[in-house]
1. Find the residue count for region 227-245, including only residues that are surrounded by fewer than 21 Cβ atoms within 10 Å (Cβ to Cβ), within 16 Å of the ligand (Cβ to nearest atom) and over 18 Å from residue 307 (Cβ atoms).
2. Looking at (1) in a loop (DSSP other than H, G, I, E, B); (2) modelled with pLDDT under 90; (3) under 17 Å from residue 222 (Cβ atoms), which is the one condition that is false for residue 113?
3. Kindly establish whether residue 250 is out of contact with any helix residue (DSSP H, G or I) (no Cβ under 8 Å at 6 or more places or on another chain), modelled with pLDDT of 95 or more, within 21 Å of residue 313 (Cβ to Cβ) and more than 16 Å from the ligand (Cβ to nearest atom).
4. Can you tell me which of 396, 361, 337 is buried (at least 18 other Cβ atoms within 10 Å of the Cβ) and outside the structural domain of residue 176 (by TED's automatic domain parsing)?
5. Which residue out of 178, 129, 224 is surrounded by fewer than 22 Cβ atoms within 10 Å (Cβ to Cβ) and within 28 Å of residue 300 (Cα to Cα)?
6. With in contact (Cβ under 8 Å) with a residue 60 or more places away in the chain and closer than 30 Å to residue 145 by Cα as the only criterion, which of 404, 318 stands out?
7. Hand me the list of strands (runs of 3 or more DSSP E) wholly inside region 233-324 holding 1 or more residues that are touching a strand residue (DSSP E or B) at 6+ places or on another chain (Cβ under 6 Å) and under 22 Å from residue 215 (Cα atoms).
Ligand SMILES: [Zn+2]
């Protein structure tokens, strides 16, 4: 059963959204009041609503004037950005995000998220301000090949001991250090916090190998909802304790109905605090399940097991190939990096899975392709003959210039608009 205070907070955010935002007034017109028991009946907030109710199509989603706030961009494309508004209030008391990595004022943090309007960077900086530590706002471009040596010097000069960034960026940094040999040992990184992308168990394993002894944790967040979950020291890679200002539901992605207790489905989030741009029942497009198993730390709420994006598994002729299966297959090859891409495409009218993997070494070990292919086949339910593995040079997979992320899963069989 949901506790009373959560019920009250749900009522409050519903009332606030309905009374102050033109969009929610219409969206919730059939409902006068809600409680924790019928909250699931409210319609979802979906990306299409965000587009229709933010500039240039008005500000229907906002509860007041767009003043004293930050505007962030998420998803979409450069031609069709999706705007998210955050008030200064939304950034307050967020140093709790760093509980999992035990951030202290004496820590020296490199913020390697993408600077600019893309969600992460500014949010991390604002939260870091509260934590009281030294902040080096480097941004992900600081690790581009032409800047990386200068960045290493800055990190050394400032005795940086903590890295924040998307897994793609941190992995790329690890690859570089690994190639340099003993420099990695000298980097003295003690804590790493990732976010913005799913980190697989094997990606984490790779980072642990390069940054020996570092505490590696991640946060689960979306730009729309802000940070949702954190990892205490005891949680496994894809598990997150939920912050008490986030209310999570798990629904069937097709029907939108709540799934049975403990079952997997799409994650729907309500932020109980956000006021300038309320987020009520936002369909995240992420897949997970909630468990109530008690953790050995002092946290006593629900724990989310996150399986990634709805589209992070490719179905090739009836066989599911999840991102994790490929990540795991790569682990046994030290010359290969955890920066890879899975593409489903049509070849000779048949579905084919193309896996492109970056190497860690100077020479591209193309001969490994066959072995990787058989490893992937061992990790999936049915062996596929139509997998092609391509080993490519370090730093060669295209990444999104703004977010710094690699498009890890792409389906080229469908038309993408
Ligand atoms: Zn815990």
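The values are calculated or read from the model by the stated rules, or taken from the named source; none is laboratory data. The shown structure was predicted, so the numbers you read here are calculated from the model rather than taken from an experiment. Quick reminder, even Gly has a Cβ in these numbers, built from the backbone with ideal geometry, and neighbours come from all protein chains shown.
1. Let us first name the residues in region 227-245 that are surrounded by fewer than 21 Cβ atoms within 10 Å (Cβ to Cβ), namely 232-234, 236-239, 242, 244-245.
When the remaining residues are screened for being within 16 Å of the ligand (Cβ to nearest atom), the result is 232-234, 236-239, 242, 244.
With over 18 Å from residue 307 (Cβ atoms) added as a condition, the list becomes 232-234, 244.
So the count comes out to 4.
2. Here residue 113 meets the rest and fails (2).
3. On the way: out of contact with any helix residue (DSSP H, G or I) (no Cβ under 8 Å at 6 or more places or on another chain): yes; modelled with pLDDT of 95 or more: yes; within 21 Å of residue 313 (Cβ to Cβ): yes; more than 16 Å from the ligand (Cβ to nearest atom): yes.
Criteria met by residue 250.
4. Working: 396 fails: buried (at least 18 other Cβ atoms within 10 Å of the Cβ); 361 fails: buried (at least 18 other Cβ atoms within 10 Å of the Cβ).
Being buried (at least 18 other Cβ atoms within 10 Å of the Cβ) and outside the structural domain of residue 176 (by TED's automatic domain parsing) holds for just one of 396, 361, 337, which is 337.
5. Numbers: 178 fails: within 28 Å of residue 300 (Cα to Cα); 224 fails: surrounded by fewer than 22 Cβ atoms within 10 Å (Cβ to Cβ).
None of the other options fit; the residue is 129.
6. Values: 318 fails: closer than 30 Å to residue 145 by Cα.
Result of the check over 404, 318: 404.
7. On the way: elements: 239-242, 246-251, 265-271, 282-291, 303-309, 313-316, 319-322.
In region 233-324, the matching strands (runs of 3 or more DSSP E) lie at 239-242, 303-309.
Here's the yes/no breakdown for (1) more than 26 Å from residue 400 (Cα to Cα); (2) in a strand (DSSP E or B); (3) not assigned by TED's automatic domain parsing to the domain that holds residue 100:
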residue	(1), (2), (3)
151	no, no, no
156	yes, no, no
171	no, no, no
208	no, no, no
229	no, yes, yes
